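The values are calculated or read from the model by the stated rules, or taken from the named source; none is laboratory data. Because the structure is predicted, anything quoted here is derived from the model rather than measured. With ideal geometry, Cβ positions are generated from the backbone for all residues, glycine too; neighbour counts draw on all protein chains shown.
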Amino acid sequence: IDTIIPLKSRNIWNKHQVKKFEDKEGFEGRFIGHVETTLARSLYNCDDLAAYESTSLSVRDNLIIDWNNTQQRITARDPKRVYYLSLEFLMGRALDNALINSQAGSDEPTSRPMVEKSLDELGFNLEDVLKKEPDAALGNGGLGRLAACFIDSMATQNIPAWGYGLRYEYGIFAQKIIDGYQVETPDYWLNFGNPWEIERNEIQVPVTFYGYVDRSDGESTTLSPSDWIGGERVLAVAYDFPVPGYKTSTVNNLRLWKAKPTTEFDFAKFNSGDYKNSVDAQQRAESITACLYPNDNFNQGKELRLKQQYFWCAASLHDIIRRFKKTSRPWSELPDQVAIQLNDTHPTLAVVELQRVLVDLEKLDWHKAWSIVTATFSYANHTVMQEALEKWPIGLFGHLLPRHLEIIYDINWFFLQEVEKKFPKDFDLLSRVSIIEECSPERQVRMAYLAIVGSHKVNGVAELHSELIKKTIFKDFVKVYGSQKFTNVTNGITPRRWLKQANPKLAELIGKALNDPKQNFLLDMPKLTELAKKADDPEFQKAWDLVKANNKLQLADLIKDTNNGVDIIDREHIKDTLFDIQVKRIHEYKRQQMNIFGVIYRYLAMKKMLKEGSTIEEVAKKYPRKASIFGGKSAPGYYMAKLIIKLINSVAEIVNDDAEIVDLLKVVFIPDYNVSKAEIIIPASDLSEHISTAGTEASGTSNMKFVMNGGLIIGTVDGANVEITREIGEDNIFLFGNLSEHVEELRYNHQYKKTELPPELAQVLKSIESGVFSPENPNEFKPLIDSIKSHGDYYLVSDDFESYVATQELVDEVYHTQKNDWIKKSILSVANIGFFSSDRCIEEYSETIWNVEPVKPET
Ligand code: Z15
């Protein structure tokens, strides 16, 4: 290996090699060092924020040492590497996770207890210090959080893998609730700087947009090396985030790009006296990575978004290729050295960019290049919903990326020839699978089709979903390629964050029960099956229930905080109040509207009993204590989702203030749901709701998180709910509703036949229309009602409502009259949730899609 330092200087370098801190003494030295020099503060003005920064910098020092060793080891062994391209990484906080994942010294399995003790002696409380960290909220929902779980598992399993994404200055907006309405405020998460990022000013990649393809030589064709004369140039600067594995010294890298102006200067403009405009144009570069698009499962089709995508793909590929070239291998070996995983279609331009680099810059033959490209990429699909599928009008596309559009036309041309050869004269099929959709007012590039054609494997994210894509949106591609190209990798979650970090007391209890106090089970979650033996043990049940009750108290604190310090939840009755939670992005397909209709139904039924002379005790018997808890953000432009939020808050206001039902029912909307709040909310659930219209939720991942924390599920037969049921047993989950194979027919019926509302739902809608929840404006929620009554009830709320309500009553019965049985279900569920560790996902991807192996640190 080449180095810059001459051999004779090496011993000085080695003598002063920085060492990791291994004990309290070491940590304290680092901590105070960073306070006094890095932060230029002292013991007289070190507050919690400074303590957070200094602790982070100290822990980061250790991670960087391991990071360096990891990268050197990988460079030396030169194995095949994985690059995980995701436009979102919803990381949450880093410090607690780093304390848990890293080891310092040998006594404790993690450095957390040591640092906690140290901080205490230094005059700080770790919990308070941890709260100073803002969430890294560079994602919308499930897709971004999945990427975060996956990079944790890749590091934990010693897979040589890097994540590539964008360093948005503004993450997902912060949500305020004002008068019941969602109000968005910017999330300037870098306000106090960011101790977790390493700015790599030496790594700057130029990226070009616009311009034209120069064919003035009269010889080049679109298939031969072509000259793209770019119009606008910006620089991509690398920012690196260490990704520590659990109980391993492997530290992988997450590289995020920031856009900045080039130092080139438009002298033409300057000389014509247009200095201001010349500078302005440069400044616009920064807007490329200014903000995350706040839509989940929705494609808005804005030019800036396409610009983000190309900026990120071009910079990442440049980086990947530079690394590959250092080893001077022939291009044909690229797929043996590099696997690039596309997280949804957002990075599909990387396929085209690699083809461009190989043909235009490296002068490879088109077909040779294309076989290298397709062997390198693989694509994961995360949705079947039409409004989420990315399509770009060719006008917009060709303007921004003229050469890439030519390449796509050629990719499509050769692909369609292949199809034609297999299915001669099937012109219908050709137009159905074409990467270019012929439609008015303009032709569009279908990114999902491009991703399929450009990859060697395509996977869905849960069994049901993977079957569904083969039967629906990608049916014709199964016909063309055969079904071997399509596979399934069911999603998973990292048990480090979602069990140990979020629920340390439960992790501890499990560790004890498994005779595994060092919690090695977190690396081998199927080991949890041993817990089943304890499911009937009354002592164990009691301890289990106590952990849950404590978690519920912590959530009650959070709810109180968001309610101006006023308690909504009755702490005296915390153990016999069923916490029923639905937290996720607000979307009609996820059916928060059905949940709140269910709450209204319950409220009306309680009121009716009272009116007809029942005592409150009789009401409590039928409708025992329940807290119905919601959280989630709506896309700022999603009118219906915002109206659902308002309805929830309006119902909360009426129900919570109704003295007649004396605290038997409470409704809470927790503002600004994010990863760090999820870590408090999820461990506190008795029941969580995963009630999407069958066939719409590709997988869902919070369902796994809730079960891993001992919560039960009420859910539809959709996404990963199906496999969760298979793993934990039907007795331990409350399933209801129509199956996905009936959805088409039910929708047809709503459109073309007369369908009746079930009486339970009719009642609910009537009360809303009469203004019970919006006295000053009875029409406020009309659009929600119309979508069911007049616009075909696309999400089939009316078809599932009766079984939903009936199932909720069954839930009440089990929770309130067979509590031991409930706890047993909870224990058995956790015992059998091991399959959903993201470690298992990464093993499957590594073996069946990426063909990569771990590179273990020598111990
Ligand atoms: C998103 O969060 C998901 C899919 C998408 O296509 C986009 Cl754009 C965003 C979610 C799915 O809705 C969810 O079911 C799945 O669990 C998650 O991706 C991770 O696969």
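Structure data summary
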{"quantity": "Scope the range 134-144; condition near the ligand (Cβ under 10 Å from one of its atoms) and either closer than 19 Å to E197 by Cα or among the polar types (S, T, N, Q) (or both); matching residues", "calculated": "G139, N140, G144"}
{"quantity": "Residue ranges of strands (runs of 3 or more DSSP E) in the range 179-252 with at least 2 members within 24 Å of the chain's Cα centre (by Cα) and not acidic (D, E)", "calculated": "181-185, 232-244"}
{"quantity": "Members of the range 828-859 that are over 23 Å from the mean Cα position of the chain (by Cα) and in a loop (DSSP other than H, G, I, E, B)", "calculated": "N832, N851, V852, E853, P854, V855, K856, P857, E858, T859"}
{"quantity": "Complete set of residues in the range 356-376 that are surrounded by 18 or more Cβ atoms within 10 Å (Cβ to Cβ) and not in a helix (DSSP H, G or I)", "calculated": "L364"}
{"quantity": "Residue in the range 529-548 that is in the same structural domain as M708 (by TED's automatic domain parsing) and within 16 Å of the ligand (Cβ to nearest atom) present", "calculated": "no"}
{"quantity": "Residue, farthest from A350 (Cα to Cα), within the range 452-476, restricted to residues that are among the charged types (D, E, K, R) and more than 23 Å from the chain's Cα centre (by Cα)", "calculated": "K471"}
{"quantity": "Lone qualifier among I581, I510, I569 - being more than 16 Å from the ligand (Cβ to nearest atom) and more than 25 Å from I728 (Cβ to Cβ)", "calculated": "I569"}
{"quantity": "Check on T693, in contact with a helix residue (DSSP H, G or I) (Cβ under 7 Å, 6 or more places away or on another chain), more than 19 Å from S837 (Cα to Cα), in contact (Cβ under 8 Å) with a residue 60 or more places away in the chain and within 16 Å of the ligand (Cβ to nearest atom)", "calculated": "yes"}
{"quantity": "Among the residues listed as S455, S440, S483, S434, the single one being at pLDDT below 95, more than 16 Å from the ligand (Cβ to nearest atom) and among the hydroxyl-bearing types (S, T, Y)", "calculated": "S440"}
{"quantity": "Lone qualifier among D561, D580, D567 - being closer than 28 Å to K176 by Cβ, crowded, with 16+ Cβ neighbours inside 10 Å and among the charged types (D, E, K, R)", "calculated": "D580"}
{"quantity": "Cβ pairs under 8 Å, 6+ apart, first in the range 509-529 and surrounded by fewer than 19 Cβ atoms within 10 Å (Cβ to Cβ), second basic (K, R) and part of a loop (DSSP other than H, G, I, E, B)", "calculated": "G511/K518; N520/K247; L523/K247"}
{"quantity": "Residue check for I510: farther than 30 Å from T348 by Cβ, of a type in the set (V, I, T) and in a helix (DSSP H, G or I)", "calculated": "yes"}
{"quantity": "All helices (runs of 4 or more DSSP H) inside the range 91-137 with 2 or more residues being over 25 Å from the mean Cα position of the chain (by Cα) and buried (at least 22 other Cβ atoms within 10 Å of the Cβ)", "calculated": "112-122"}
{"quantity": "Some residue of the range 572-586 being within 23 Å of E760 (Cβ to Cβ) and not aliphatic (A, V, I, L, M)", "calculated": "yes"}
{"quantity": "Cβ-Cβ under 9 Å pairs, at least 6 apart or on other chains, the range 372-397 side assigned by TED's automatic domain parsing to the domain that holds T696, far side within 12 Å of the ligand (Cβ to nearest atom) and assigned to a loop (DSSP other than H, G, I, E, B)", "calculated": "none"}
{"quantity": "Among residues of the range 357-395, those that are hydrophobic (A, V, I, L, M, F, W, C) and away from the ligand (no atom under 16 Å from the Cβ), counted", "calculated": "13"}
{"quantity": "Test result for I681, in contact (Cβ under 8 Å) with a residue 40 or more places away in the chain, within 16 Å of the ligand (Cβ to nearest atom), under 30 Å from K500 (Cβ atoms) and among the hydrophobic types (A, V, I, L, M, F, W, C)", "calculated": "no"}
{"quantity": "Total residues in the range 696-727, condition polar (S, T, N, Q) and away from the ligand (no atom under 15 Å from the Cβ)", "calculated": "2"}
{"quantity": "Flag if R77 is at pLDDT below 95 and either farther than 14 Å from P195 by Cβ or assigned by TED's automatic domain parsing to the domain that holds N194 (or both)", "calculated": "no"}
{"quantity": "Residue match in the range 294-309 (condition: away from the ligand (no atom under 16 Å from the Cβ) and basic (K, R))", "calculated": "yes"}
{"quantity": "Residue that is nearest to D793 (Cα to Cα), among those in the range 751-764 that are touching a helix residue (DSSP H, G or I) at 6+ places or on another chain (Cβ under 8 Å) and not hydrophobic (A, V, I, L, M, F, W, C)", "calculated": "T755"}
{"quantity": "Residue check for T263: away from the ligand (no atom under 16 Å from the Cβ) and assigned by TED's automatic domain parsing to the domain that holds Y84", "calculated": "no"}
{"quantity": "Tabulated pairs, the range 52-68, first at negative phi, second in a helix (DSSP H, G or I) and of a type in the set (S, T, Y), C-beta under 7 angstrom, 6+ apart or interchain", "calculated": "L57/T38"}
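The rows are residues; the columns are (1) more than 28 Å from A694 (Cα to Cα); (2) of a type in the set (A, V, I, L, M); (3) over 31 Å from the mean Cα position of the chain (by Cα).
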| site | (1), (2), (3) |
| --- | --- |
| L555 | yes, yes, no |
| N563 | yes, no, no |
| H587 | no, no, no |
| G598 | no, no, no |
| L610 | yes, yes, yes |
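Yes/no per residue for (1) surrounded by fewer than 20 Cβ atoms within 10 Å (Cβ to Cβ); (2) at pLDDT 95 or above; (3) hydroxyl-bearing (S, T, Y):
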residue: I768; (1), (2), (3): no, yes, no
residue: S774; (1), (2), (3): no, yes, yes
residue: V797; (1), (2), (3): no, yes, no
residue: Y804; (1), (2), (3): no, yes, yes
residue: Q808; (1), (2), (3): no, yes, no
residue: D821; (1), (2), (3): yes, yes, no
residue: V830; (1), (2), (3): no, yes, no
residue: E847; (1), (2), (3): yes, yes, no
